[in-house]
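Below: one structure, written as structure tokens.
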Amino acid sequence: MGKKGLLYMTLTVSGLVMVFPILYAFLISFMQGGEVLQGSLWPETFSLANYFSAFERVPLLTYLWNSLVVSVLIMAGQLVLCSLAAFAFVFIEFKGREWIFYLFISTMMIPWEATMVPNFQTVQSLGWLNSYAGLTIPFFAMAFGTFLLRQQFKTIPKELYEASQIAGISKLRFFTGVVLPVAKTTMTTLAIYSFLTAWNMYLWPLLVTNNEANRTVQIGLKQMQTQEIASDWGVVMAGVVMVILPTLILLFAGQKRLQEGLTQGALK
Amino acid sequence: MTGMLFLLPSLILFGVFLFYPMVRTVYLSLFLTDSQGVPVVFVGWENFLNLFQSTSFQLSAKATALFVLYTVPAGIVLATALAILANQKLRGIGLFRTMFSATMGMSVAASSVIWMFLFNPSIGLFNRILGALNIPGVQWLLDPQYALLSVSVATIWMNTGFAFLILLGGLQNIDQSLYESARVAGVSESYKLRKITLPMLSPTLFFVTTVSLINAFQTFGQVDLLTKGGPMESTNVIVYSIYKDAFINYNVGSASAQAVLLFVAVLVVTVLQFKIGERKVHYQ
């Protein structure tokens, strides 16, 4: 076996080890109770019974819908707020801009978990518990996204902006007509990243939702795991598959873009 | 003026949901609070003093430190190895890259449920493997000796995808002509790794280390789902401890004091990142 063969073998073995837990979850989701207990690795038949059962026993559809709405709202909110802020940092010069820039940087030093108790109290006093507002609005502002877009906006020549100012084009028109189209790819990267992170949020939804109508799908998984369904691993894994399918598809479709974007953000 | 207008939405949200609550947390940490979290009596440093003297907090600090120690170095070594492995020009390499980055699409909740099954004492994979080797099974998540280690292994797996993607990006940014010259000079693979790949990758490695450290301090979901901080508080990492104190024991003062300590820990890591990062730039 040559060097190439050895390389392929190492790649295959490590690849299989990495995806095994995911693959196994898929396979278990098709198994019947007995097969799981026997420790089968491959289901006898690919029956969808567990999926029907999962949708019957917990309001999975409601949870999925809530997660989708929350993720889309956070994604949209972050795109709008980050791009607006990045635009100001690149094109509009005013007193105190540098100071505000450092303020943005400093937000990255505050772990969100350290602020969760007062945040919970704030959301509670606003009457936002069990609402999309409470689940999404606290996450609209994001320093990382602002910096990522700022890097991209910087590639647009300043002269273009100055010319548009002389021609009497409003700042907002320049922003939507010139800047945003140029930054389309970076915006897409940020959108994928935002959606992934929002869909996978766990602690905050756990704190601010306590009824089935407003729960996200991640908390639905916790519910499935703690209820009596827990011994029915096939059904639980069907739930897991429903939760991970959207983000896995998104990741596979946007992997390259995500990698380039994150590296850009990491290395400034 | 218009500049401020563009920044205002972000600034307001940072103010309301980050700076205000951080200040408020520091404030609450100096008070005894009622069950609603309303400050009642000013007690100064007492919450902190109580923490340092409580066995429970000492266990939590120990669990957090061990968790960082178990997950960060191993996770980075694994992700770096996978990234180097996947940074080859081979037919079908895209498939392997997808496999290595797959965990980035996995939520903490979904991953934890899967690992819960793998760790299951009677039907889980690990005990089946042990059984096949005639080794008695282990109560992975119920034995204080193994619980934190088990959660750490699951966490390393969960975090690999993200670290892998960033490190692969870092590898692809390395100037290929360096390898070209190395090939012409006929140096060995291990020499190339030590003298070109790792030094050129060091800024990315450094970034990934910082992010991993901060993430490790912020761990919550897998502990909540796999062990609930047990057994015997062996997995009661700091964020889980804050959560329990604030939302289960209704002791907001103590939770806030722990939150302040968490903030300090993350601050130290971040400041170190800036300091060391800066020095690196000067050397180049």
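Flag: residue A:161 does not match the condition of being out of contact with any Lys or Arg (no Cβ under 6 Å at 6 or more places or on another chain) and either surrounded by fewer than 18 Cβ atoms within 10 Å (Cβ to Cβ) or over 19 Å from residue A:85 (Cα atoms) (or both). Of the listed requirements (1) crowded, with 23+ Cβ neighbours inside 10 Å; (2) of a type outside the set (Lys, Arg); (3) at the interface with chain A (Cβ under 7 Å from one of its Cβ atoms), residue B:117 misses just one: (1). For region B:25-32, the count of residues that are among the aliphatic types (A, V, I, L, M), within 14 Å of chain A (Cβ to nearest Cβ) and in a helix (DSSP H, G or I) is at least one. Quick check on residue B:229: is it crowded, with 20+ Cβ neighbours inside 10 Å and touching a strand residue (DSSP E or B) at 6+ places or on another chain (Cβ under 7 Å)? No: the conditions fail for residue B:229. Cβ-Cβ distances below 9 Å connect the following pairs, each with a first residue in region A:175-200 that is within 12 Å of another protein chain (Cβ to nearest Cβ) and more than 30 Å from residue B:111 (Cα to Cα), a second residue that is assigned to a helix (DSSP H, G or I) and of a type in the set (Ser, Thr, Tyr), and a separation of six or more residues or different chains: A:175/A:83; A:179/A:83; A:179/A:161.
Would it be correct to say that residue A:7 is within 11 Å of another protein chain (Cβ to nearest Cβ), in contact with a Pro (Cβ under 7 Å, 6 or more places away or on another chain), among the hydrophobic types (A, V, I, L, M, F, W, C) and in a helix (DSSP H, G or I)? No. Filtering A:181, A:118 for residues that are within 30 Å of residue A:213 (Cβ to Cβ), out of contact with any His (no Cβ under 9 Å at 6 or more places or on another chain) and in a helix (DSSP H, G or I) leaves a single hit, A:118.
If you filter region B:77-110 down to residues that are assigned to a loop (DSSP other than H, G, I, E, B) and over 20 Å from residue B:200 (Cβ atoms), you find that the one that is nearest to the other protein chains (Cβ to nearest Cβ) is B:107.
Selection within region B:119-173: residues that are under 30 Å from residue A:251 (Cα atoms) and in a loop (DSSP other than H, G, I, E, B). The member of this set that is modelled with the lowest pLDDT is B:173. Which numbered condition in (1) in contact (Cβ under 8 Å) with a residue 24 or more places away in the chain; (2) surrounded by 15 or more Cβ atoms within 10 Å (Cβ to Cβ) is the only one that residue B:85 fails? Answer for residue B:85: the failing condition is (1). Residues that are within 16 Å of residue A:123 (Cβ to Cβ), hydrophobic (A, V, I, L, M, F, W, C) and surrounded by fewer than 17 Cβ atoms within 10 Å (Cβ to Cβ) within region B:1-15 comprise just one, B:12.
To keep it simple, each residue is scored yes or no on (1) closer than 18 Å to residue A:201 by Cβ; (2) of a type in the set (A, V, I, L, M); (3) out of contact with any Ser or Thr (no Cβ under 6 Å at 6 or more places or on another chain); (4) more than 8 Å from chain B (Cβ to nearest Cβ).
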{"site": "A:68", "(1), (2), (3), (4)": "yes, yes, yes, yes"}
{"site": "A:71", "(1), (2), (3), (4)": "yes, no, yes, yes"}
{"site": "A:74", "(1), (2), (3), (4)": "yes, yes, no, yes"}
{"site": "A:116", "(1), (2), (3), (4)": "yes, yes, yes, no"}
{"site": "A:132", "(1), (2), (3), (4)": "yes, no, yes, yes"}
{"site": "A:136", "(1), (2), (3), (4)": "yes, no, yes, yes"}
{"site": "A:145", "(1), (2), (3), (4)": "yes, no, yes, yes"}
{"site": "A:161", "(1), (2), (3), (4)": "no, no, yes, yes"}
{"site": "A:166", "(1), (2), (3), (4)": "no, yes, yes, yes"}
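The values are calculated or read from the model by the stated rules, or taken from the named source; none is laboratory data. As the structure is a computational prediction, the values presented were derived from the model and not from experiment. Neighbour counts are summed over all protein chains in view; Cβ atoms, including those assigned to glycine, are modelled from backbone coordinates with ideal geometry.
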